[in-house]
Each structure stands twice: as C-alpha cells, then as structure tokens.
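Have a look at the structure below, then the notes.
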C-alpha cells in the first residue's frame, strides 16, 4: 500500500524499483495522488484541473510495462503542469486568466510531448499567479482570477506561497503528484520552490523549449522541474531538455538527455562559491539571513571556499529596476501565442484581454492590470529604441561585464543566494539556478539555498545541490499534511 511516509523518502528511482518488483502500479500511484488532492486541495487550492483520462493512461502504461517493460525512469510517474503549458487534450490552458478559462492549446507543448513519450502520466494543471505575475504590480503571489488564491501549506494563511509557479510548488510539497513543471521569467520557479520546501531548477534559457507555453519574455522564459529531491529534478530535466526546431533558442544548447550521472558528492576542497552581499542579503528577513549564514557555514565546514563579493556589476541596482525587456516582449509574445497556439476561433490580442478585464472588472480585476496596460502601449514589433537599448544592456551589463566577468575573475564554480533574492541578473543573462531546502523561519516558512552558475552548468549545479541536500536534509512535510499523518 502507498503511504505518505514511504513516498516522502522515495525518489522516482525508488518508485520504478517498486513497480519492477510488482509492489506498486502507476494506477495505484495515481489513485493515491487523487486521494491527496481530494483530502487537501480545498485547503491549499494548488490543483486547478485534473486530467479526466489520468487513470486510463496509468492503466495503459501498467499494461505496457507488463508486456514490454518500462520506457525509462518516468514510466507511469504522475506529473502536474503549470496552467500556462499547453496540452492538446481535454484540459484547459489559461495562465490563470478568467478570459482564457475555456481556452485549449492546439497541441502538446514540446516539453509535454517529451513527458508523454517518456511514459509520464499528465495528472492535471496547477494554479498560478495570473499571467505568470505579469498583470499587476499589486497582485499577491499565487492569485489568479480563474483559480483564486494558492495558500502555503506550511503555515498560516498569511504566509507567502511564492510566485508564479505557486500551485506547482505547493502541490509537490503536499504529494499531489510525484513532481511538477513550473515556468520562470524571473524567480517564478526558484521563489515558490524555496517557499514550499521543494527543489526547483531554473535551466539555462534555451536548454528547454518554450514552444507551447504562454510567454512573458522571449529572452528570459524557461520551464523547469519542481520536485521534493534533487534526484527527481535531475531525471526530469533530462526529459524536458532537447533541441526543438520550433524554438531557435534550443539550437545552440548542448545535447544532454541524462543528468543522473551528476548525482554524486563533489570534492568540496576544489569548489569556490561566491556570496553577493550588496543588496540581496539586506533584502532578506533577519531569520532568513540566519538560515543563509547557517547554510554557508555548513558549506565552509564541508570544505568549500566561500568568496564574498560586493556586487555582480556596478550597474546592479539600475539593472534590477529595469523591466523594459519584459514590458516590450510580453505584447509581442502573447499576441503570437494567441494567434498560433490556441483553439480560439476569433483573433485575440492584448487589447482584447485588457478590454475583457475591464468589462468583467468584479471577477477579473481584483488587483488591477497595471502591467498589462503598460505593455499594451508598446507596438508589439520590438522596434522601440527603449526596448533595444535595454535588451543590449542586459547582454552587456548583466552577462558579459557582469556575471561572466565575475565568474572568470573570481574563479567561481557557482554563486549563492537566499531563495530567489538574487534571481534578476541571472534571469536577464539567461543563466541557470537550482534551489534546495535549507531550513525554516519561526513562522514555519521554508527557506531555500540557491546555486547559480554559468550557461549550461546544470551538471555542476546538480552536483552541488545534491551534496547540500545530503549534508543538511531539510525537506519536511507541510503542516496541513502532518496534522493528519500524526493523528
């Protein structure tokens, strides 16, 4: 019988071993997760929609296993998807917008096709911050007009759940699926993963195809895994990645289909990690600073060389506050998506979205649409000097003269951040990060340690994260679950 205690300690590899031995089936696993959703989702509001064919798919995969053996490590494993990722089935894709509540993707997104080919069971869609947190500057993390508010399962209702892949992270924490897929433009995998005691990988932009995903920014968007352990995240990353002719960003990426060989303890004596004190450290709550300092001490004691660096670039503050690239790329991206990637019969534009929200203000504009209005003032052609200058400045200041220079001059293997506090410049550069559970504050909020690296350094980040996970073992079940388990 499947139990929460066993699953909490298990990886995807353990689940596959149980299926090989005949003590577990995909059908049983799906049934367990559906029961978890039934018992707890009303308190957390993480799952927006369940795939009506999930049990049939699981039964088919169980039969296939008995006749032909497993396709690989994801065979029969239930996965949840953020609600901005297309599926060409009966499930909707809305980015949390009530306007798109009845919208369907034309086909599976590239990453969904990869998951299905690998034998995954697409269990459902997760709630999210509407338009991936690019609708209003006052909208709380985890809120959408279609799905309502996602709540953090670790503490009181006021505890921040993180955004915008809020439902994906909260669902994984509560064992609503083995793993989930989130998306990130700037912190939207790292932040909710850190806030929900989960592992999140934000890949190098281009490692994972963006095709079939509702966009914000063509230069910063990526999808990535959210899991309860590094092993599962590494397995999923290998399945998600791959070159896609429909997404030019993937054509320069190295072919890497298996990250599990990097699940071993590195020699910390040869590892140099940078800590950026200016800005990011001060932004953290004092208790988060304590957790961060403790994690750094643990790494030092394990043999790491910790290099304190004042700033990433002299332009750090100006870059942090410049969101022109997102503002201009959003209109171009969303209108291309609406024209090509949905089953809508009418032509929709960003103006259509704005007008719909204004006509349905009570339901659609609880927190306004300041960012949508600002983005809609742009041409959608990416010809404006303000956009081009900001885009080129990101490449020069965040990338070439910023992170690239810092890594080279200091000889760093990775940079350390608390949670997602340092996500902006790596996001502008398109560089990868991985966050790992690192402790809790006194109100029960989880805190994550984030490792950020150079382009396509995911193998190194996985090694570092795996070792930190084994060193500290900070993953815990959320309060909403333990209240029942301990009765």
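The values are calculated or read from the model by the stated rules, or taken from the named source; none is laboratory data. Just so it is clear, the model here is predicted, and its values are computed rather than measured. Every residue, glycine as well, gets a Cβ built from its backbone with ideal geometry; the counts of neighbours run over all protein chains shown.
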Among the residues of region 114-143, write down those that are within 18 Å of the chain's Cα centre (by Cα), assigned to a helix (DSSP H, G or I) and over 17 Å from residue 191 (Cβ atoms). 114, 115
May I ask you to list the residues in region 339-356 that are modelled with pLDDT of 95 or more and surrounded by 15 or more Cβ atoms within 10 Å (Cβ to Cβ)? 349, 350, 352, 353, 354, 356
Contact list please: Cβ distance under 6 Å, first residue in region 454-469 and on the phi > 0 side of the Ramachandran plot, second residue buried (at least 21 other Cβ atoms within 10 Å of the Cβ), pairs at least six apart or on different chains. 456/204
Restricting attention to region 357-375, does a residue exist that is modelled with pLDDT of 95 or more, in a helix (DSSP H, G or I) and over 25 Å from residue 149 (Cβ atoms)? no
Among 428, 399, the single one that is assigned to a helix (DSSP H, G or I), modelled with pLDDT of 95 or more and surrounded by fewer than 24 Cβ atoms within 10 Å (Cβ to Cβ) is 399
Name the single residue, out of those in region 443-468 being out of contact with any helix residue (DSSP H, G or I) (no Cβ under 6 Å at 6 or more places or on another chain) and assigned to a loop (DSSP other than H, G, I, E, B), that is nearest to residue 270 (Cα to Cα). 457
Which one of these is part of a strand (DSSP E or B) and crowded, with 24+ Cβ neighbours inside 10 Å: 182, 167, 187? 182
Counting just the residues of region 323-336 that are surrounded by 22 or more Cβ atoms within 10 Å (Cβ to Cβ) and out of contact with any helix residue (DSSP H, G or I) (no Cβ under 6 Å at 6 or more places or on another chain), which one comes out farthest from residue 425 (Cα to Cα)? 333
Taking the condition on the phi < 0 side of the Ramachandran plot and surrounded by 13 or more Cβ atoms within 10 Å (Cβ to Cβ), does residue 372 pass? yes
Would you check if residue 100 is modelled with pLDDT of 95 or more and within 26 Å of residue 74 (Cα to Cα)? no
What is the number of the single condition among (1) part of a loop (DSSP other than H, G, I, E, B); (2) out of contact with any helix residue (DSSP H, G or I) (no Cβ under 7 Å at 6 or more places or on another chain); (3) in contact (Cβ under 8 Å) with a residue 40 or more places away in the chain that residue 346 does not meet? (3)
Spans of strands (runs of 3 or more DSSP E) in region 195-302 with at least 3 residues in contact (Cβ under 8 Å) with a residue 60 or more places away in the chain, surrounded by 19 or more Cβ atoms within 10 Å (Cβ to Cβ) and touching a helix residue (DSSP H, G or I) at 6+ places or on another chain (Cβ under 7 Å): 199-202, 272-276
Looking at the structure I just gave you, is residue 411 surrounded by fewer than 18 Cβ atoms within 10 Å (Cβ to Cβ), over 19 Å from the mean Cα position of the chain (by Cα), within 23 Å of residue 300 (Cβ to Cβ) and at pLDDT 95 or above? yes
Subset of region 430-441 [touching a helix residue (DSSP H, G or I) at 6+ places or on another chain (Cβ under 6 Å) and farther than 18 Å from residue 460 by Cα]: 438, 439, 441
Per the list (1) free of Cβ contacts under 8 Å to residues at least 60 places away in the same chain; (2) closer than 20 Å to residue 78 by Cα; (3) surrounded by fewer than 24 Cβ atoms within 10 Å (Cβ to Cβ), residue check on residue 158 breaks on (2)
